[in-house]
1. Quick one: how many residues across the range 500-545 are in contact with a Lys or Arg (Cβ under 7 Å, 6 or more places away or on another chain) and not in a helix (DSSP H, G or I)?
2. Can you tell me which residues in the range 515-569 are closer than 30 Å to Asp131 by Cβ and of a type in the set (Ser, Thr, Tyr)?
3. Just for the range 31-59: of the residues that are of a type in the set (D, E, K, R) and not in a loop (DSSP other than H, G, I, E, B), which one is farthest from Leu122 (Cα to Cα)?
4. List, please: which pairs have Cβ atoms under 8 Å, are six or more places apart or on different chains, and start with a residue in the range 156-174 that is on the phi > 0 side of the Ramachandran plot and outside the structural domain of Ala640 (by TED's automatic domain parsing) and end with one that is among the basic types (Lys, Arg) and not in a helix (DSSP H, G or I)?
5. Considering each residue of the range 60-83, count those that are more than 13 Å from Leu46 (Cβ to Cβ) and not in a helix (DSSP H, G or I), and give that number.
6. Give Leu609, Leu619, Leu561, Leu556 a once-over and let me know the one that is free of Cβ contacts under 8 Å to residues at least 60 places away in the same chain, within 30 Å of Ala162 (Cα to Cα) and surrounded by 13 or more Cβ atoms within 10 Å (Cβ to Cβ).
7. When residues of the range 326-360 are filtered for being closer than 19 Å to His429 by Cα, touching a residue at least 24 places away in the same chain (Cβ under 8 Å), part of a helix (DSSP H, G or I) and not β-branched (Val, Ile, Thr), how many remain?
Amino acid sequence: MKAPAAAQAVPLPFLPLALSCAAFGGGLLLHIDRVPAWASLAALVLIAWRLGAARRASFLPGPYLRSFLALAMSAVVLARFHTLNGLSAGTTLLTLMAALKLLETHKPRDEAVLIGAGLFLLLAACLDRQDLVRAPLYALQAWLCCTALAALATPELPLTRALRLSARTLLLAAPLAVALFVFFPRLPGSFWAIPRGNSALTGLSDSISPGSITQLVADYSVAFRARFSGSPPPRPQLYWRGPVLHQFDGRTWRRLDTAARPPLHLEFLGEPVHYRIALEPTQQRFWFALDTPAAAPAGRVFLTSDSQLVSAEPVTQATAYEAVSYLATRTRERLAAVGIREDTALPPGSNPRTRELATRLREHSADDAALAAAALDFLRTNGFVYSLEPQPLGPNAVDDFLFRTREGFCGHYASAFVTLMRAAGVPAHVVTGYLGGEWNPIGGYFEVHQSDAHAWTEVWIAGRGWVRIDPTAVVAPERLTRGMLQLMPQAYPLSEQLLQRSAWLTALLQRWDAANTWWSDRVVKFSYASQLDLLARFGVKTPDAGYLGWAFAAALVLWLLATGLAALVPRRRGDELGRAYRRLCARLARIAPARAAHQGPLDYCETVLAVRPDLRASLGALIAHYAQLRYGPGAAAPEAVARFARAVRRLRLAPAR
């Protein structure tokens with residue numbers, strides 16, 4: 001027997017169906033910027049189709065058409081993502097299949113499946129993003145799904161009662177959820193560590209060409225946040241070390257594998273600086289630290305011979321780590337031969353005028369330190385200009401910069417200075433990273449933005465080791481104390497310029513960033529170590545997973561006792577009908593004598609009408625309706641109680657004329 005090509009919409013109660021569609025639609029909206037636009041549009045069209053069919057009992061597709069649509073949509077998802085697994089592809093497929101499920105909602109069980117899809121979409125959204133701004137949206141989606149379940153279980157339940165019931169249930173469950181979050185033993189690592197594709201922030205790479213850092217200038221997004229244990233160092237000393245570049249082909253500087261270089265035995269000068277870094281995703285393997293990190297901050301992060309922190313895996317999710325650095329170091333060792341060879345190498349025949357200049361400076365310099373000072377003096381006294389829009393450079397880029405254009409960004413100055421040093425036989429290399437940061441007084445930390453990207457140099461001075469020299473500072477010394485947004489606001493979008501000019505808006509955004517940072521540190525990154533630390537604060541000397549289990553068991557028992565007692569204690573305010581009647585009596589007491597304790601509804605109505613006979617038509621019918629609901633045969637229907645409550649709210653008690 002052939003299946004029918006089409007079927008009529010099954011007459012399900014409309015409110016549960018509408019709430020089930022809303023629960024699914026709410027989950028869809030949480031992914032509206034992640035799921036492809038065509039998938040979101042298709043799901044919304046199918047939701048509208050099903051609701052319209054429920055209202056007008058119109059056409060719904062039969063099983064053959066539904067099967068064809070399911071296969072076609074699966075094929076489109078597979079063609080778009082090349083897989084059906086993963087967060088993006090799986091969420092898109094779930095969205096489309098749940099939307100198709102709408103077209104065969106014949107029983108309450110089908111609606112329950114739809115609500116389950118809304119809950120799965122909520123879970124996928126939580127796995128994808130945990131920003132503080134999205135937390136209220138997730139709470140609203142959970143409330144909506146619970147409301148749909150309440151309406152599905154009791155179809156005659158009014159919407160307002162379903163909303164209150166689900167809200168009360170969620171509030172009762174909230175203490176247990178907090179206990180689970182805080183005390184249930186967690187696996188080491190992060191629950192949120194799932195692949196998210198290549199949606200990383202723009203950041204520094206392992207190579208630069210002079211001027212390439214200008215691409216980051218207009219990017220005001222946060223690269224990382226730094227919180228110091230004590231007083232932070234002065235802003236001019238906040239050089240956040242990133243990739244160190246040794247190889248130069250005449251235009252581009254690149255990293256080298258420095259594993260063959262023997263590590264230097266450094267003498268740390270001054271006091272150590274303790275701080276915590278919260279690094280945003282970059283898809284790169286570099287971790288940033290102040291010059292010079294004393295040790296690697298994690299097991300799978302390596303401290304190289306040129307003081308870089310390099311992770312074994314790319315930074316694909318927000319990462320926090322503790323670090324210790326020294327702002328000054330010294331070594332009396334000699335640089336290894338491989339280091340001398342790599343850090344004095346220049347492309348043969350490139351930049352001849354720069355080589356001639358280096359020879360002249362060398363002839364008039366007593367030692368390498370004097371040579372570096374002479375090179376800085378050349379940049380200071382020959383009309384060089386700090387610019388974010390320098391002129392293009394020719395094949396001999398350094399010659400063009402030093403003798404023709406004389407304008408550039410930090411990458412130009414670092415590249416030219418290192419080339420001068422190498423041409424004079426002095427080992428030198430380029431260091432990239434970030435300079436400074438914006439102090440957030442609310443959160444007590446520095447926000448380092450992508451626009452703070454910077455390049456400087458290190459020169460080998462015998463008896464001292466690698467010495468940091470920032471040639472940009474002699475041309476634009478204000479760069480050491482001011483961020484790029486303050487230094488050159490015209491390079492940023494108008495929105496960022498307005499932010500800089502508005503003190504109250506800046507303060508507001510700082511407060512929001514501080515709150516979001518607290519949420520990320522205390523909630524999103526709450527780990528097994530955080531649980532043990534919490535137990536230690538409660539006085540447990542050697543906490544472990546066993547103590548966590550006992551703490552959770554105690555919290556569970558307390559929650560069960562509290563909810564049990566709450567269920568046993570009668571509600572003092574009575575039922576909804578009684579509350580509506582008390583509200584009516586309170587309003588009537590403003591225009592007539594208050595109801596006496598012994599007065600029934602009809603007797604009190606006569607008392608009010610003796611003062612306000614003009615209310616006989618409206619008030620008399622309303623009181624009679626209440627008496628019928630309260631004292632009539634059978635239990636009052638929820639719809640009738642809701643109509644009485646609405647009539648009480650709409651009753652107009654105008655002053656008597």
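The values are calculated or read from the model by the stated rules, or taken from the named source; none is laboratory data. In this text, all values refer to a predicted model and were calculated from it rather than measured experimentally. Using ideal geometry, Cβ is built from the backbone for each residue, glycine included, and neighbour counts are taken over all protein chains shown.
1. Of all residues in the range 500-545, those in contact with a Lys or Arg (Cβ under 7 Å, 6 or more places away or on another chain) come to 517, 527-528, 531.
Going one step further and asking which of them are not in a helix (DSSP H, G or I), we end up with 527.
Going through the range 500-545 one residue at a time, the tally reaches 1.
2. Thr517, Ser520, Ser527, Tyr528, Ser530
3. We begin by selecting, within the range 31-59, every residue of a type in the set (D, E, K, R); these are 33-34, 50, 55-56.
Next, only the ones that are not in a loop (DSSP other than H, G, I, E, B) stay: 50, 55-56.
Details: Arg50: 22, Arg55: 28, Arg56: 31 Å.
Residue satisfying both the conditions and the ranking: Arg56.
4. none
5. 3
6. Numbers: Leu609 fails: within 30 Å of Ala162 (Cα to Cα); Leu561 fails: surrounded by 13 or more Cβ atoms within 10 Å (Cβ to Cβ); Leu556 fails: free of Cβ contacts under 8 Å to residues at least 60 places away in the same chain.
Going through Leu609, Leu619, Leu561, Leu556 in turn, the sole match is Leu619.
7. Here the count works out to 5.
To keep it simple, each residue is scored yes or no on (1) surrounded by 15 or more Cβ atoms within 10 Å (Cβ to Cβ); (2) more than 22 Å from Ala473 (Cβ to Cβ); (3) touching a residue at least 24 places away in the same chain (Cβ under 8 Å).
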site: Arg235; (1), (2), (3): yes, no, yes
site: Val244; (1), (2), (3): yes, no, yes
site: Phe248; (1), (2), (3): yes, no, yes
site: Asp257; (1), (2), (3): no, yes, no
site: Leu266; (1), (2), (3): yes, yes, yes
site: Pro272; (1), (2), (3): no, yes, yes
site: Thr292; (1), (2), (3): yes, no, yes
site: Ala296; (1), (2), (3): yes, yes, no
site: Ala312; (1), (2), (3): no, yes, yes
